[in-house]
1. Going by how many other Cβ atoms sit within 10 Å of their own, how do Leu205, Leu164, Leu170 line up, fewest first?
2. Residues in the range 243-278 near a label at Ala216, defined as backbone nitrogen under 15 Å from the 7 Å Cα→Cβ point?
3. Using every Cα-Cα pair within the chain, state what percent have a distance larger than 23 Å.
4. Please give, to one decimal in nm, the separation of the simple spin-label points placed at Val209 and Val100, each 7 Å out from Cα toward the Cβ.
5. Note the full-extension length gain between Lys81 and Gln189 as 0.36 nm times their separation in residues minus their Cα-Cα distance, in nm to one decimal.
6. Eigenvalues of the Cα gyration tensor times 5, then square-rooted: what semi-axes does that give for the range 162-242, in whole angstrom, largest first?
7. Below 8 Å between Cα atoms, with a sequence gap of 6+, how large is the relative contact order for the chain in percent?
8. Scale the Cα Rg of the range 186-285 by the rule-of-thumb value 2.2 N^0.38 Å and send over the ratio, two decimals.
Amino acid sequence: MPIVKKHVKTTLMIVISALISALSLKVFISAGGLFPGGFSGLAVLLSRLILREYGIDIPFGVLYVSFNIIPTILVYKFVGKWFTRYSVLQFALVSILVAVIPEMEITYDIVLIAIFGGILSGISASLALAANASGGGTDFIAIYISNKTNAPAWQYILYGNSLLLVVAGLLFGWEKALYSIIFQYVSTQVVNSMHQRYKLMSLRLFTEVPDAMIEAILKTTRHGITKLWGEGGYSKRPKCMLYMVVNAFEVEDIVAIAQTVDPKVFIDISKTERVLGNYYRKPLE
């Protein structure tokens, strides 16, 4: 994909992600009095607390951007420059749109608010991640941990958000905090289901033409492949098992290539929780 077209596509996805996030905040979180996760939740919590205690209305965007300054600097250095730039664009747009979009109440049912608000929040985060960006804050932390461990880290962010909700419950009442847990759980599960970058799969391909298959597969991926020779229990013919670990989003392409090379190939696919050692992952730009 030409570089200009790639940046245009990424920018469009970021804009849509920011719009959905802002709608989640204004239509559901504000209407239900809920607390989102991460730095946006911390910004909402402090904004409401300062307004209640001191009568000072500090805009959500001011707090949200302020909290993201230090993580942005760290991620720019250790994760990826374009990734950080697009993430800054995402949370800057969210801050602006939250100030512009008026509050709306489309339902008074707090359960529906928690569930559908969480769905929108998860879709927003997933779109940003698909564009090789994020919403900043705790997303930065999750991505850093995932890069280091080769395993998804979004569940750990959910645990961290639980502490935020305990504080919110103590300050503003437990009912809103408990409904916020539903919101955050739904949001986290949407991200877990949609985001494939840190999900790993093991492939075992049994074939009689391993060299041709390896050559074809390595044209599209840089993952290592191990050859193990054996014998078919029924056919008594020599068979080779090719073993490799790949990202979940790469599985279908590799399977299609293998079946093109050898229509009789037998393929076993299974989930891999974690890998240690030399595993190639395309870096974030």
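Any read-out appearing in this document is the output of simple, stated calculations on the displayed coordinates, not a laboratory observation. On a predicted model such as this, the values are computed, not experimentally measured, just so you know. Every residue, glycine among them, receives a Cβ derived from its backbone with ideal geometry; neighbour counts consider all protein chains shown.
1. Ordered from fewest to most neighbouring Cβ atoms within 10 Å, Leu205, Leu164, Leu170 come out as Leu170, Leu164, Leu205.
2. 252-267
3. So the portion of pairs separated by more than 23 Å is 60 percent.
4. It is 5.6 nm.
5. Using 0.36 nm per residue and subtracting the Cα-Cα distance, I get 36.1 nm.
6. In descending order the semi-axes read 52, 14, 9 Å.
7. Here the relative contact order equals 21 percent.
8. With N residues counted in the range 186-285, Rg over 2.2 N^0.38 Å equals 1.20.
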